[in-house]
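These notes are about the structure you will find just below.
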Amino acid sequence: MKKFEEEAHAFINQYIDGLISVPKNQLSKYFFKNEIKTFGGKEFVVNSWLEDVSPLGSIFVVEAETSLFLRSVVVCCGMLAADSKRKVLSQEEMWELGLG
């Protein structure tokens, strides 16, 4: 993994960790909408949203994307957003759910 990907992952994980105690009905206050962030010298567009994934419920998704010469790099992690049960989801777990 390249440095810019590691920095994007670290940012997303830290951001999600800070939302663990935020009630689900207040998560929309923390959405990103096409926000530009720089990780390892590369500009990423960061977005976040709630995705309904049955039967799990809602997942708070944070995705950072940058374009390289011939490809895009997408870093995505999430958090199971049920107020009674919170779990941070890795990029691999997000892929298994069809997200990211």
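Report yes if some residue within the stretch 17-24 is modelled with pLDDT under 95 and part of a helix (DSSP H, G or I); otherwise report no.
yes
Out of everything in the stretch 20-29 that is free of Cβ contacts under 8 Å to residues at least 24 places away in the same chain and surrounded by 10 or more Cβ atoms within 10 Å (Cβ to Cβ), what residue ends up being farthest from Val75 (Cα to Cα)?
Val22
For the stretch 47-81, what are the residues that are touching a Leu at 6+ places or on another chain (Cβ under 8 Å) and of a type in the set (Asp, Glu)?
Scanning the stretch 47-81 gives a single hit, Glu51.
Collect the residues in the stretch 31-72 that are among the hydroxyl-bearing types (Ser, Thr, Tyr) and either part of a loop (DSSP other than H, G, I, E, B) or farther than 19 Å from Leu99 by Cα (or both), keeping them in residue-number order.
First, pick out the residues of the stretch 31-72 that are among the hydroxyl-bearing types (Ser, Thr, Tyr): 38, 48, 54, 58, 66-67, 72.
If the condition is that a residue be among the hydroxyl-bearing types (Ser, Thr, Tyr) and either part of a loop (DSSP other than H, G, I, E, B) or farther than 19 Å from Leu99 by Cα (or both), then Thr38, Ser54 are the ones that fit.
Need pairs with beta-carbon distance below 8 Å; first residue within 13 Å of Thr66 (Cβ to Cβ) and within the stretch 30-41, second among the acidic types (Asp, Glu) and in a strand (DSSP E or B); sequence gap 6+ or separate chains.
Sorted first by the residue in the stretch 30-41, then by its partner, the pairs are Ile36/Glu43; Lys37/Glu43.
In the stretch 63-100, which residues are under 18 Å from Ala10 (Cα atoms) and among the hydroxyl-bearing types (Ser, Thr, Tyr)?
Thr66, Ser90, listed by residue number.
I need every pair where a residue in the stretch 73-100 that is among the charged types (D, E, K, R) has its Cβ under 8 Å from the Cβ of a residue that is in a loop (DSSP other than H, G, I, E, B) and surrounded by fewer than 21 Cβ atoms within 10 Å (Cβ to Cβ), sequence separation at least 6 or different chains.
Asp83/Pro23; Arg86/Ile20
The values are calculated or read from the model by the stated rules, or taken from the named source; none is laboratory data. The shown structure was predicted, so the numbers you read here are calculated from the model rather than taken from an experiment. Glycine also receives a Cβ, built like all others from the backbone with ideal geometry; neighbour counts cover every protein chain displayed.
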